[in-house]
Amino acid sequence: MTELQALFPETYEGSRERFCNDLSTVQTLWPKAKLFQHVLSDDKDLTIDWLYSDATERNEKVVMVTTGEHGVECYVGSAILQRFIEVYMPRLDPRTTGILLVHAINPWGMKHRRRGNANNIDLNRTFLWDMGFDSTFNPEYDRIDSFLNPPSKLTNFFLSDLAYFLGLVWHIGRMGLRGFDGAQLLGQYHQPKGLFYGGKEMPEETRTLMGLYRQMLGSYKQVLHLDMHTGYGPRYQMSLVNSALDKRTSAKFVKRFDYPLVVAATADEFYAIRGDMIDYIYTLQQNEFPRTKLYATSFEFGAYGNVLHGLIHSPRVMIHENRVYWYGAGNEKILARAKHGFEELFNPAARDWREKAVADADQAFTGILKVEGFIP
Ligand SMILES: [Zn+2]
């Protein structure tokens, strides 16, 4: 079994190599498992990789684990995926259970340690059903655009933090906390350098994953999908974030899975999003595969916390990182500080954090796989 710190990869390439080598482990249970990949059109060194196998006797149910929709979050995602392969996969029944494991939905973002892809697109704003990439959507975003995306070099942390705090107080005073969060997080399709940008057309990463989801929903009677994220929620308690389209209450899930923290991706419990990947898979199931049983959720490993400190500082580090990416920093030290804060939000280095993250994942895997009938 991989030791705790070694679970967390240092580089995109190292993580991908380990994942590709997992094929032989998967094949001990699913002899026909194969490694597939999508090579990004603009950079042949970057690939979305997945391991897939049908059940060995009959396709009844499938478990999918996906990682790295937000590239930088794949360092933790890869660790948890590896944990799943080593500890939980051997407990599945290959005769009736298929398996789909996806490494780095957004490989560019993983390699370059950003949330978005090479075009600054937040892929979790691009899984749109029956609607286009509407540049007029979320006009409220423009009211906070210059606050979220200051169009100049970051030269002084003290001054930019001061501007941030004043701006935050002013915007929340004006729009209310919910209005502000909504404008910020919902997604936008017209500020290409801005945070939470969804692009102008469907990215290839999104198209690739949509194809896989369609294939799974069409091939099995039951689909379980677990998607790995970091950055939001309390620091020492991973949140299970359910789709708003799953109408069962969070309290019910807490009980069913014997897992302490479950929230729904609604403005009340988490935050609302347009173009969310988990919403997409529910919509696809409801519209085209109504007879397939589906449970899809996200594991959200928080870092800065969701009390005041975290709520204030999470956007701050994202703003700084995006700003130095587009406009640069006054010196190397400022650049390093901006990048470090961002890294600590999405890929915390502390050993105790990593221990708790793995323990929480263990508890969630066990509860979900049991209740969904994948392990005894
Ligand atoms: Zn994420």
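The values are calculated or read from the model by the stated rules, or taken from the named source; none is laboratory data. Quantities reported herein were computed from a predicted structural model and do not represent experimental measurements. Here Cβ is always computed from backbone atoms with ideal geometry, including for glycine, and neighbour counts include all displayed protein chains. The area values use the complete protein model at the heavy-atom level, side chains included, leaving out ligands, DNA and RNA. Shrake-Rupley method; radii C 1.70, N 1.55, O 1.52, S 1.80 Å.
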Exercise. For region 88-98, indicate whether the set of residues that are of a type outside the set (Phe, Trp, Tyr), on the phi > 0 side of the Ramachandran plot, touching a residue at least 60 places away in the same chain (Cβ under 8 Å) and open to solvent by 10 Å² or more (accessible area, probe 1.4 Å) is non-empty.
Key: no
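Condition check ((1) more than 20 Å from the chain's Cα centre (by Cα); (2) within 23 Å of residue 93 (Cα to Cα); (3) of a type outside the set (Asp, Glu); (4) outside any helix (DSSP H, G or I)) across all residues:
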position	(1), (2), (3), (4)
337	yes, no, yes, no
340	no, no, yes, no
344	no, no, no, no
359	no, no, yes, no
363	no, yes, yes, no
368	no, yes, yes, no
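Per-residue answers, yes or no, for (1) out of contact with any helix residue (DSSP H, G or I) (no Cβ under 8 Å at 6 or more places or on another chain); (2) more than 16 Å from the ligand (Cβ to nearest atom); (3) closer than 27 Å to residue 359 by Cβ:
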| residue | (1), (2), (3) |
| --- | --- |
| 252 | yes, yes, yes |
| 265 | no, no, yes |
| 275 | no, no, no |
| 282 | yes, yes, no |
| 291 | yes, yes, no |
| 295 | no, yes, yes |
| 298 | no, no, yes |
| 302 | no, no, yes |
Practice problem: Considering each residue of region 115-131, count those that are without any contact (Cβ under 8 Å) to a residue 12 or more places away in the chain and either in contact with a strand residue (DSSP E or B) (Cβ under 8 Å, 6 or more places away or on another chain) or within 11 Å of the ligand (Cβ to nearest atom) (or both), and give that number. | Solution: 0
Quiz prompt | Near pairs, Cβ below 9 angstrom, 6+ apart or cross-chain, from region 23-42 (open to solvent by 90 Å² or more (accessible area, probe 1.4 Å)) to any residue that is aromatic (Phe, Trp, Tyr) and modelled with pLDDT of 95 or more | solution = 34/52; 37/50; 42/108
Practice problem: Working only within region 114-136, note down all residues that are of a type in the set (Asp, Glu) and either touching a helix residue (DSSP H, G or I) at 6+ places or on another chain (Cβ under 9 Å) or surrounded by fewer than 19 Cβ atoms within 10 Å (Cβ to Cβ) (or both). | Solution: 130, 134
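For region 101-142, give me the residue count where each residue is more than 21 Å from the chain's Cα centre (by Cα) and not charged (D, E, K, R). Walk me through it before giving the result.
Step one: filter region 101-142 for residues more than 21 Å from the chain's Cα centre (by Cα), giving 130-132, 134-142.
Subset that is not charged (D, E, K, R): 131-132, 135-139, 141.
Of the residues in region 101-142, 8 are more than 21 Å from the chain's Cα centre (by Cα) and not charged (D, E, K, R).
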Quiz item: When you scan region 28-83 for strands (runs of 3 or more DSSP E) that lie fully inside it, which ones turn up with 3 or more residues that are away from the ligand (no atom under 16 Å from the Cβ) and farther than 24 Å from residue 294 by Cα?
Solution: 34-39
Quiz prompt | Filtered residue count, region 285-310, keeping only those that are buried (at least 20 other Cβ atoms within 10 Å of the Cβ) and in contact with a Phe, Trp or Tyr (Cβ under 8 Å, 6 or more places away or on another chain) | solution = 5
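Open to solvent by 50 Å² or more (accessible area, probe 1.4 Å), aromatic (Phe, Trp, Tyr) and free of Cβ contacts under 8 Å to residues at least 40 places away in the same chain: is that true of residue 158 in this structure?
Yes; evaluated as a whole, the condition is true for this residue.
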Exercise. With the checklist (1) surrounded by fewer than 20 Cβ atoms within 10 Å (Cβ to Cβ); (2) free of Cβ contacts under 8 Å to residues at least 60 places away in the same chain; (3) in a helix (DSSP H, G or I) in hand, flag the one item residue 325 doesn't pass.
Key: (2)
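Please specify each residue of region 245-258 satisfying the condition of being open to solvent by less than 30 Å² (accessible area, probe 1.4 Å) and touching a strand residue (DSSP E or B) at 6+ places or on another chain (Cβ under 7 Å).
First, the residues of region 245-258 that are open to solvent by less than 30 Å² (accessible area, probe 1.4 Å): 246, 250, 253, 257.
250, 253, listed by residue number.
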